[in-house]
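Here the structure is laid out as structure tokens; the discussion comes afterwards.
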Amino acid sequence: MQKIKTALLSYGMSGKVFHAPFLSFHAGFELIGSWERSKKLINHDFPEVKSYATIEELLEDDVDLVVVNTPVETHYDYAKKVLLAGKHAIVEKAFTTTVAQAQELSALAKEKGLKLAVFQNRRWDSDFKTVQKIISDEVLGEIVEAEFHFDRYNPSLSPKRHKETVNSGSGILKDFGPHIIDQALYLFGLPNSVFADIRITREHSLVDDYIDIVMYYAAFRVRLKAGFFVREANPAYVIHGKKGSFLKHRGDIQEDELKLGKKPNLTTWGTEPLEKEGLLHTEINGEIVKKSISTLEGNYYTFFDGVYNSIINNSLEPVTAKDGVHVMQIIEASIQSSSQKKVVDL
């Protein structure tokens, strides 16, 4: 199997938890190393790989693919350096900080004949995959409304300075927001217009930590919410159609398992506990049905497998730069809507 030599731009939580386990598990990737500015951690887990002192040293090495997993405000600059160096790239969410930056990176990758994927791993969460199947099976009838939540109860400020200082990439809109925005766009496409309420709710916070976004489609509405003061969680997904409803709490276990150091596999990975099953209440063939729905397995491996095939077989990236541009369009429209207190057309 042809190997794709891959390097990370940091080995903090995202590198250690979300990327390295899958890059080392997938037979098509060879983890070469990571840029590490101060703490030298990667060799504790992978003694054979390199710890680069600078991004220039990394880009000059024999590397095919670079994962840009640094703070959001740096994504554009680093991804541009990677592409100009002739390397394929995976860029974490939020893809960039503006639509213009996202469009420029997309055009640059196309010009260079390189693959550029956005790491929207939540498309392969078990809960979302189950919601996707319910909608594709059309058991709810014509969709009237959908509501997605990415909520936490955590009034404390993050110890990570880049998350709590005012910069172009900070705030919940560009942290949790891209997850549920991308999921909504993946299911329903671009809306006609957007209305958003973006607020600061935590004491001493300098950055937005609450979002409420309404996406207007011709025949239905999609509402996206995220915040830090939800002690008793609502269902993460609420879908209402003209025949029935589907409610699903967030239940994907992959992040928790990865944080515990568990290694991904292709058989039992991403299996939710039974008590997290969603509730379907609808009409099927003239009969009212109310029952629990088995949750599909989630696996972020699918994203990396898609990246591998896109590079080796020149197929489409699993999450494209165009997808990233669309998410940034919703983010920019939301910022404009909240500041002007009006609906913004796309």
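What the table shows:
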| read-out | value |
| --- | --- |
| Yes/no for GLU73 being touching a His at 6+ places or on another chain (Cβ under 8 Å) and more than 26 Å from GLY113 (Cβ to Cβ) | yes |
| Any hit, the stretch 148-161, residues being open to solvent by 10 Å² or more (accessible area, probe 1.4 Å) and acidic (Asp, Glu) | yes |
| Restricting the stretch 246-256 to residues that are open to solvent by 30 Å² or more (accessible area, probe 1.4 Å) and closer than 23 Å to GLU142 by Cα, the residue that is nearest to the chain's Cα centre (by Cα) | HIS249 |
| Residue match in the stretch 127-136 (condition: touching a residue at least 24 places away in the same chain (Cβ under 8 Å) and of a type in the set (Gly, Ala, Ser)) | no |
| Residue satisfying all of: in the stretch 19-50; free of Cβ contacts under 8 Å to residues at least 24 places away in the same chain and under 21 Å from GLU257 (Cα atoms); surrounded by the most Cβ atoms within 10 Å (Cβ to Cβ) among these | SER24 |
| Every residue from the stretch 276-296 that is in contact with an Asp or Glu (Cβ under 8 Å, 6 or more places away or on another chain) and of a type outside the set (Val, Ile, Thr) | LYS276, GLY278, SER292, SER294 |
| Residue list for the stretch 22-57, filter: touching a Lys or Arg at 6+ places or on another chain (Cβ under 6 Å) and not β-branched (Val, Ile, Thr) | GLU30, GLY33, SER51 |
| Residue in the stretch 71-78 that is over 16 Å from THR6 (Cα atoms) and aromatic (Phe, Trp, Tyr) present | yes |
| Selected residue (criterion: farthest from ALA94 (Cα to Cα)) from residues of the stretch 307-337 that are open to solvent by 20 Å² or more (accessible area, probe 1.4 Å), assigned to a helix (DSSP H, G or I) and touching a residue at least 12 places away in the same chain (Cβ under 8 Å) | ILE312 |
| Test: residue in the stretch 128-140 that is under 18 Å from HIS326 (Cβ atoms) and touching a Leu at 6+ places or on another chain (Cβ under 6 Å) | no |
| Condition met for ALA117 (under 16 Å from VAL319 (Cβ atoms) and either open to solvent by 20 Å² or more (accessible area, probe 1.4 Å) or modelled with pLDDT of 95 or more (or both)) | yes |
| Count - residues of the stretch 1-52 that are more than 22 Å from PRO159 (Cα to Cα) and assigned to a loop (DSSP other than H, G, I, E, B) | 10 |
| Inter-residue pairs, beta-carbon under 7 Å, first of a type in the set (D, E, K, R) and in the stretch 232-248, second open to solvent by 10 Å² or more (accessible area, probe 1.4 Å), 6+ apart | LYS242/GLY141; LYS242/GLU142; LYS242/VAL144; LYS243/GLY141; LYS243/GLU283; LYS248/PRO235 |
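Conditions (1) charged (D, E, K, R); (2) in a helix (DSSP H, G or I); (3) open to solvent by 40 Å² or more (accessible area, probe 1.4 Å), marked per residue:
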| position | (1), (2), (3) |
| --- | --- |
| HIS179 | no, yes, no |
| VAL194 | no, no, no |
| ARG202 | yes, no, no |
| ILE213 | no, no, no |
| ARG231 | yes, no, yes |
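To keep it simple, each residue is scored yes or no on (1) farther than 30 Å from LYS242 by Cα; (2) open to solvent by 30 Å² or more (accessible area, probe 1.4 Å).
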{"site": "LYS81", "(1), (2)": "yes, yes"}
{"site": "VAL91", "(1), (2)": "yes, no"}
{"site": "ALA107", "(1), (2)": "yes, yes"}
{"site": "VAL139", "(1), (2)": "no, yes"}
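The values are calculated or read from the model by the stated rules, or taken from the named source; none is laboratory data. Please read all numbers here as calculations on a predicted model, not as lab measurements. Don't worry about glycine lacking a Cβ; one is built from the backbone with ideal geometry, like all the others, and counts go over all protein chains shown. All accessible areas refer to the heavy atoms of the entire protein, side chains included, with ligands and DNA or RNA removed. Shrake-Rupley method; radii C 1.70, N 1.55, O 1.52, S 1.80 Å.
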